[in-house]
Amino acid sequence: MKKVYAFLLAAVLALLTACSSNSTEDASKDETDKEVNENKTVAHESVEKQEVGLTLENDGTDEEKFNEALSQFSEAVPERIITTSVPLTEMLHLLDITPVGVPTSTNPLPQDFESIDKIGSPMAPDLEVVTNLKPDLILGAESLRSTLEKNLEGMNMSTAYLRTDSFDDLKRSFKVLGTYFNKTDKMNEKMQMILDKENELTKLAEGKKLPTVMLMIGTSDSFMVMNEKSYLGSLVERLGADNIATTVLKATDTYSPMNMEEIVVADPDIILVLASGDHGASEEMFQKEVESNDTWTKLSAYQNDKIHILDYDVFGVTSISNVEKALTEIASYFFE
């Protein structure tokens, strides 16, 4: 009888062991299947996100910088705004916000604002005019903050400063103003147009080798190269092309003197020249520069007729209104 009990006990233990083993294997299989499904979901979301590109919810704006810029504005939304910056004036116009004072500038202001009081230079506004306008807020460019604050010293006025130097700056500052002034409909309308253009050009660049590029700007007596910190440089960077001022010449300053020996070695595929008779060197001066220096003829860009003169009105001043046009024109040179 004991032998029978022993046999039955052994059988039961074997059965329990098998069930336990099967349960462990099933649990392990379930865990593996779950992990595979999760990986598939992540991969699908990643591909879907790539296909969708930039959206209003994912517009490529640096959130930390956005929140930092937004935090400087007071809780009470101002009604009487003076802007000392042309790019910011343009943003207010797009958002359907009318300031009480705008800067005096050779660069064009929105036609709707022509009758608005002019406060003088962005760097040194007429303090009497500013005072008489009784602003709740003076809105200026971050690049001129120190100069403007020095001029406003002793005046008890609320100020805010936004960056307008690069393509990313324009998008972020426009978003800050639209959010703060609760103009999200107007803001999203323009932002969507910009994002659509970015997505269009990103798709256009897929599978293509982008050219190496040199950016030049003319002064009254010479030409300089521009790195990615310039507005034009930021547009080229957004499109993904190689700016030799940054990658080869290692230029740390936004504008740097030209070294033709280094440029010949770098041999850029395309040269974009920002020239204007009203703002320094003209196209004619650039032609004279080329004619006076045979070194230019050694460059591939010269030999392949890939030197392009850019319109200063489009590329010389940061502009939220012109940014789609600027991106489109540059892309046409890259993909022609």
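The values are calculated or read from the model by the stated rules, or taken from the named source; none is laboratory data. Everything numeric here is computed off the predicted structure, so don't read it as measured data. Note that we place each Cβ from the backbone using ideal geometry, even for glycine, and neighbour counts take in every protein chain shown. Note: accessible area is taken over every heavy atom of the protein model, side chains too, but ligands, DNA and RNA are not part of it. Shrake-Rupley method; radii C 1.70, N 1.55, O 1.52, S 1.80 Å.
Of all the numbered requirements in (1) outside any helix (DSSP H, G or I); (2) farther than 19 Å from LEU139 by Cβ; (3) open to solvent by 50 Å² or more (accessible area, probe 1.4 Å), GLU189 misses one, and that requirement is (1). Among the residues of the stretch 77-120, those identified as among the small types (Gly, Ala, Ser) and touching a residue at least 24 places away in the same chain (Cβ under 8 Å) are SER85, GLY101.
Among the numbered conditions (1) β-branched (Val, Ile, Thr); (2) more than 28 Å from THR98 (Cβ to Cβ); (3) modelled with pLDDT of 95 or more; (4) open to solvent by 50 Å² or more (accessible area, probe 1.4 Å), the only one that THR202 does not meet is (3).
Inspect all residues belonging to the stretch 175-183 and state whether any of them is farther than 16 Å from GLU90 by Cα, out of contact with any Leu (no Cβ under 7 Å at 6 or more places or on another chain) and not aromatic (Phe, Trp, Tyr). Scanning the stretch 175-183 turns up at least one residue that is farther than 16 Å from GLU90 by Cα, out of contact with any Leu (no Cβ under 7 Å at 6 or more places or on another chain) and not aromatic (Phe, Trp, Tyr).
Which residues, taken from the stretch 306-321, are closer than 20 Å to LEU204 by Cβ and open to solvent by 50 Å² or more (accessible area, probe 1.4 Å)? Scanning the stretch 306-321 gives a single hit, LYS306.
If you go through the stretch 44-60 one residue at a time, do you hit one that is assigned to a helix (DSSP H, G or I), modelled with pLDDT of 95 or more and either open to solvent by less than 60 Å² (accessible area, probe 1.4 Å) or farther than 22 Å from THR202 by Cβ (or both)? Taking every residue of the stretch 44-60 in turn, none turns out to be assigned to a helix (DSSP H, G or I), modelled with pLDDT of 95 or more and either open to solvent by less than 60 Å² (accessible area, probe 1.4 Å) or farther than 22 Å from THR202 by Cβ (or both).
TYR255: among the aromatic types (Phe, Trp, Tyr) and crowded, with 23+ Cβ neighbours inside 10 Å, yes or no? Against the criterion (among the aromatic types (Phe, Trp, Tyr) and crowded, with 23+ Cβ neighbours inside 10 Å), TYR255 does not qualify. Only one of the numbered conditions (1) outside any helix (DSSP H, G or I); (2) farther than 17 Å from ARG163 by Cα is violated by ILE82, and that is (2).
For the stretch 205-220, a tally of residues being open to solvent by 10 Å² or more (accessible area, probe 1.4 Å) and either part of a helix (DSSP H, G or I) or without any contact (Cβ under 8 Å) to a residue 60 or more places away in the chain (or both) returns 5.
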